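Heads up, the thing below is written out as structure tokens.
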Amino acid sequence: MKILGICGSHREESNTNKLVKRIAEASQCEFELVYLSNYDIKPCTGCSMCMMNEGHCSLDDDMKVINEKLMGIDGLIVGAPTYFMDVSGSVKDLIDRSSAIFYRGVGPEYHPDMPWLGQRPLADKPAVVITTVAGGGHERAIETLKICIGDIHRTNLVAQLAEIVQMNDVDEMPEVLSRAIEAGKALGQALAKS
């Protein structure tokens, strides 16, 4: 079973990225971490070429690599720091651009009366979403992740974490680490059942 962990902070050792890694490790499954800071992902232009081109985006950047990774996974973790009351821009770009996989002819239709919405290759695959924040805005950020990853991609969200860490290091916050480990175990258990 392969899990893809999306580390959405541009600081490699950020609290968000550390928790994504902890969740992945606790799953006891094979995993790969993708640090968005190492990828060039342009914003979606809304051109709809992916709809007309079997799910292949017209933009030439690293999102092609990530979309290929998404097509081959069994489970997903998406970590996004909360910036200005929502997910970071790089995570939002990833979410927007991941919609290209809806047009690859894989998975159940999103809605039978609306074929232009494509299919969902990640449908029913277990997922965990997480956001960290120093102060506030995490409610909106976790809601964005739940809607985009859970509802729109139709994954099976087995855990969602919105952690207020202030200016602390999660490595020194046992209660936060414990919740991340439990989320990872839930992800591993869900994968074992699938």
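The values are calculated or read from the model by the stated rules, or taken from the named source; none is laboratory data. All values derive from a computational prediction rather than experimental measurement. Cβ sites come from the backbone with ideal geometry, for glycine too, and all protein chains shown count toward neighbours. Quick note on the areas: whole protein, heavy atoms, side chains included, nothing else; ligands and nucleic acids left out. Shrake-Rupley method; radii C 1.70, N 1.55, O 1.52, S 1.80 Å.
What to note about this one:
Rundown of residues vs (1) out of contact with any Phe, Trp or Tyr (no Cβ under 7 Å at 6 or more places or on another chain); (2) outside any helix (DSSP H, G or I); (3) free of Cβ contacts under 8 Å to residues at least 40 places away in the same chain, yes/no style:
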position	(1), (2), (3)
106	yes, yes, yes
116	yes, no, no
121	yes, yes, no
128	yes, yes, no
144	yes, no, no
151	yes, no, yes
161	yes, yes, no
180	yes, no, no
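- Within the range 85-115, being more than 19 Å from the chain's Cα centre (by Cα) and over 17 Å from residue 56 (Cβ atoms) holds for 108, 109, 111, 112, 113, 114, 115.
Listed here are the residues, each with its yes/no results for (1) over 22 Å from residue 163 (Cβ atoms); (2) of a type in the set (Phe, Trp, Tyr); (3) open to solvent by 50 Å² or more (accessible area, probe 1.4 Å); (4) in contact with a Pro (Cβ under 9 Å, 6 or more places away or on another chain).
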{"residue": "54", "(1), (2), (3), (4)": "yes, no, yes, no"}
{"residue": "58", "(1), (2), (3), (4)": "yes, no, yes, no"}
{"residue": "61", "(1), (2), (3), (4)": "yes, no, no, no"}
{"residue": "77", "(1), (2), (3), (4)": "no, no, no, no"}
{"residue": "84", "(1), (2), (3), (4)": "no, yes, yes, no"}
{"residue": "90", "(1), (2), (3), (4)": "no, no, no, no"}
{"residue": "93", "(1), (2), (3), (4)": "yes, no, no, yes"}
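- Selection count, the range 57-91, where residues are among the β-branched types (Val, Ile, Thr), under 11 Å from residue 6 (Cα atoms) and in a helix (DSSP H, G or I): 2
- Test: residue in the range 156-165 that is among the polar types (S, T, N, Q), out of contact with any strand residue (DSSP E or B) (no Cβ under 6 Å at 6 or more places or on another chain) and over 19 Å from residue 83 (Cα atoms): no
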